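What follows is a set of notes on a single structure, which appears directly below.
The values are calculated or read from the model by the stated rules, or taken from the named source; none is laboratory data. Predicted model, so just to flag it, every value in this text is computed and none were measured. Methodologically, a virtual Cβ is constructed for each residue, glycine included, from the backbone with ideal geometry; neighbour enumeration extends over all protein chains shown.
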Amino acid sequence: MAASSPQQCCNPTTNNKKKERGEEEEEEKYEKQREMIRTLPKGRGWLTKEIILYQGCWLPLNWGLEGALFVQNHFKARPTDIFLAAFPKCGTTWLRALMFATINRSQYDFSTHPLLNSGPHSCFPFLDLYFSNSSSIAANLDALPLPRLFATHMPYSLLSKSVTSCGCKFVYIWRDPKDVLVSKWHFLNQIKSKDLPQLSLPEAFELFCEGVSEYGPFWDHVLGYWKASQESPNNILLLKYEGMKREPAVYLKTLAEFMGVPFSPEEEEEEEGVVEKIVELCSFKNLSNLEVNKIGVEHFSDELVIENHNFFRKGQIGDFKNYLTREMAEHLDSITMKKFSGTGLIFGASTQ
Ligand code: PAP
């Protein structure tokens, strides 16, 4: 093929035509995408009117599905990237704060730490919303400090091969689905648009059991990362909310080591007590009482603006007992046991 002459490259007419062709191709691609989306099964959304079943995962159109397609088509992961992945309401807010504070611990003083003045969700980008987020941090991912930290609710199966095989790391947190259901039901009813009817708890329970909720089914989400962690234990760390609540310092050390920034013996020593300071800074009690988390808001995208206080409800293990009947709890447990059976992933009293 003949190389284009320098004159051609600088010719504005040729360049404009190329640009137009490029735009047409993009438009054609998006039309095909819209056509494909129209054919997908739809279900009752908890936050928006409907959610869409895409490759086995229920996603809201505007941020979930479009975000997933954008990431699949355009996002370039780097081997040094670290992802925080979770099904919604499993502990992203907490882990965001812990990861940010741990990675950047040499940069900040605990008395003037950025987490004291900005919500944990603004520490690093939510990848699923990157394409529609106009804030400067998301606008230029190349400018982010290394290692780049990203949060995502996307299931492992939706991440492109270029992401999962580039050597980057994933921290995955999961939680008892009974508490996830109750947390999610409160949260989405709280932030959903006012013209949508309230979702009752029995309705939410039925939908959750069928897997129909944003980023559901819950069990497939957990199993996707669990299986991947079995194959690549150095790249995927699975954490459980309940374990972290009981022994936050122990898990924080594991997390730091996994992220490649282990605490030194001096940092762990009583005098410096960096581990304890980070645990304290990121605790539910401390974060939920900060002014920024009481009255601040998080602009995830033009359509998704959430008041920070919604991310801090109770932060307790077993709050489901205040909402679910015994039968409901037993039914959810039996689904979990069945789904996890034979996978090696343990769910039960000993892991709670
Ligand atoms: P997201 O998926 O919308 O980001 P996420 O942060 O994963 O939400 O989950 C919110 C839950 O974590 C809430 O649980 P609850 O509804 O059962 O109370 C919230 O209270 C809890 N949470 C938030 N911050 C912390 C924290 N620092 N420590 C422990 N739990 C926390």
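Tabulated data for the structure shown
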item	result
Filter result (in a helix (DSSP H, G or I), farther than 21 Å from residue 59 by Cβ and away from the ligand (no atom under 15 Å from the Cβ)) within segment 157-210	202
Condition met for residue 173 (among the aliphatic types (A, V, I, L, M) and in contact with a Gly (Cβ under 6 Å, 6 or more places away or on another chain))	yes
Sole exception among (1) modelled with pLDDT under 95; (2) over 15 Å from the mean Cα position of the chain (by Cα) for residue 207, by number	(1)
Any strands (runs of 3 or more DSSP E) falling wholly within segment 24-105 and containing at least 2 residues that are within 16 Å of the ligand (Cβ to nearest atom) and closer than 27 Å to residue 119 by Cα	57-60, 82-86
Hits in segment 132-156 - residues which are closer than 24 Å to residue 184 by Cβ, modelled with pLDDT under 90 and either part of a strand (DSSP E or B) or not small (Gly, Ala, Ser) (or both)	133
Filtered residues of segment 55-72 (kept if crowded, with 21+ Cβ neighbours inside 10 Å, in contact (Cβ under 8 Å) with a residue 40 or more places away in the chain and of a type in the set (A, V, I, L, M, F, W, C))	57, 58, 59, 63, 68, 71
Some residue of segment 290-308 being among the aromatic types (Phe, Trp, Tyr), surrounded by fewer than 18 Cβ atoms within 10 Å (Cβ to Cβ) and under 23 Å from residue 241 (Cβ atoms)	no
Which numbered condition residue 120 misses (of (1) within 17 Å of the chain's Cα centre (by Cα); (2) modelled with pLDDT of 95 or more; (3) within 29 Å of residue 273 (Cα to Cα))	(2)
Residue within segment 228-243 that is surrounded by 15 or more Cβ atoms within 10 Å (Cβ to Cβ) and at pLDDT below 95 present	no
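For every residue, the table says whether it meets (1) under 22 Å from residue 152 (Cα atoms); (2) at pLDDT 95 or above.
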site: 254; (1), (2): yes, yes
site: 259; (1), (2): yes, yes
site: 270; (1), (2): no, no
site: 281; (1), (2): no, yes
site: 285; (1), (2): no, yes
site: 302; (1), (2): yes, no
site: 309; (1), (2): yes, yes
site: 317; (1), (2): no, yes
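A quick yes/no check of all residues on (1) closer than 23 Å to residue 150 by Cβ; (2) within 16 Å of the ligand (Cβ to nearest atom); (3) of a type in the set (Asp, Glu):
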site: 251; (1), (2), (3): yes, yes, no
site: 264; (1), (2), (3): no, no, no
site: 295; (1), (2), (3): no, no, no
site: 310; (1), (2), (3): yes, yes, no
site: 313; (1), (2), (3): no, yes, no
